[in-house]
Amino acid sequence: MNFYKSCADILQRLSDKKGSIKSLVGSLPEKDRKRAAALVIETLKYQPLLLSVIEASGILRDEKKLLRDRNLVLVLVHDLLLSKGGIQMGDGPVKQAVLKHKTRLNAEFVKEKVKHGVSRTEDLAKSSVPNDTDESQGGNLRRW
């Protein structure tokens, strides 16, 4: 649980522009740095998608008492939907609150995939990020 809270704190500090990912992850204990960096970066990559899934599922509305921190829910939902092992924490009330909504979260996630017209999750991250350099508009410019 402390690991997820520290990652949620890093996301909050990043949104407040109080440091970079590297400096904020560097403040964690040595054993958690690689894992925290990976989780924070992947969560940021899928953040718009995950926020829409969370809003559509109504998890924050239904679990007001246990799930007050939006960033903590964001990190937990990322691990639930996108990581192989699921949520890697002890069985507590916060984990149970998220797992109670697992079916609804998965359904909203699939709806987002259908809405974006992708079949793989990796393609979903690419489709949610606007592409500034389109090849039809001269994206392959030579550098001399």
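The figures follow:
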{"read-out": "Selection within segment 57-73 - in a helix (DSSP H, G or I), in contact with a Lys or Arg (Cβ under 8 Å, 6 or more places away or on another chain) and free of Cβ contacts under 8 Å to residues at least 60 places away in the same chain", "value": "57, 59, 60"}
{"read-out": "Boolean, residue 99 is within 15 Å of residue 47 (Cβ to Cβ), touching a residue at least 12 places away in the same chain (Cβ under 8 Å) and either open to solvent by 40 Å² or more (accessible area, probe 1.4 Å) or within 14 Å of the chain's Cα centre (by Cα) (or both)", "value": "no"}
{"read-out": "Some residue of segment 74-84 being touching a residue at least 12 places away in the same chain (Cβ under 8 Å), in contact with a helix residue (DSSP H, G or I) (Cβ under 7 Å, 6 or more places away or on another chain), more than 22 Å from residue 1 (Cα to Cα) and open to solvent by less than 20 Å² (accessible area, probe 1.4 Å)", "value": "no"}
{"read-out": "Scan of segment 53-69 for residues that are open to solvent by 40 Å² or more (accessible area, probe 1.4 Å) and touching a helix residue (DSSP H, G or I) at 6+ places or on another chain (Cβ under 7 Å), ordered by number", "value": "56, 60, 66, 69"}
{"read-out": "Test set (1) closer than 26 Å to residue 113 by Cα; (2) modelled with pLDDT of 90 or more; (3) among the aliphatic types (A, V, I, L, M) - residue 67 fails condition number", "value": "(2)"}
{"read-out": "Residues of segment 36-48 that turn out to be open to solvent by less than 10 Å² (accessible area, probe 1.4 Å) and of a type in the set (A, V, I, L, M, F, W, C), as a count", "value": "2"}
{"read-out": "Matching residues, segment 102-123, being under 19 Å from residue 61 (Cβ atoms) and either surrounded by 15 or more Cβ atoms within 10 Å (Cβ to Cβ) or of a type in the set (A, V, I, L, M, F, W, C) (or both)", "value": "102, 104, 105, 107, 108, 109, 112"}
{"read-out": "Among the residues listed as 9, 32, 16, the single one being without any contact (Cβ under 8 Å) to a residue 40 or more places away in the chain, open to solvent by 60 Å² or more (accessible area, probe 1.4 Å) and among the acidic types (Asp, Glu)", "value": "16"}
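The values are calculated or read from the model by the stated rules, or taken from the named source; none is laboratory data. Keep in mind it's a predicted model, so treat the numbers as computed, not measured. All Cβ positions, even for glycine, are placed from backbone atoms using ideal geometry, and neighbour counts span all protein chains on display. These area figures cover heavy atoms from the full protein model, side chains too; ligands, DNA and RNA do not enter into them. Shrake-Rupley method; radii C 1.70, N 1.55, O 1.52, S 1.80 Å.
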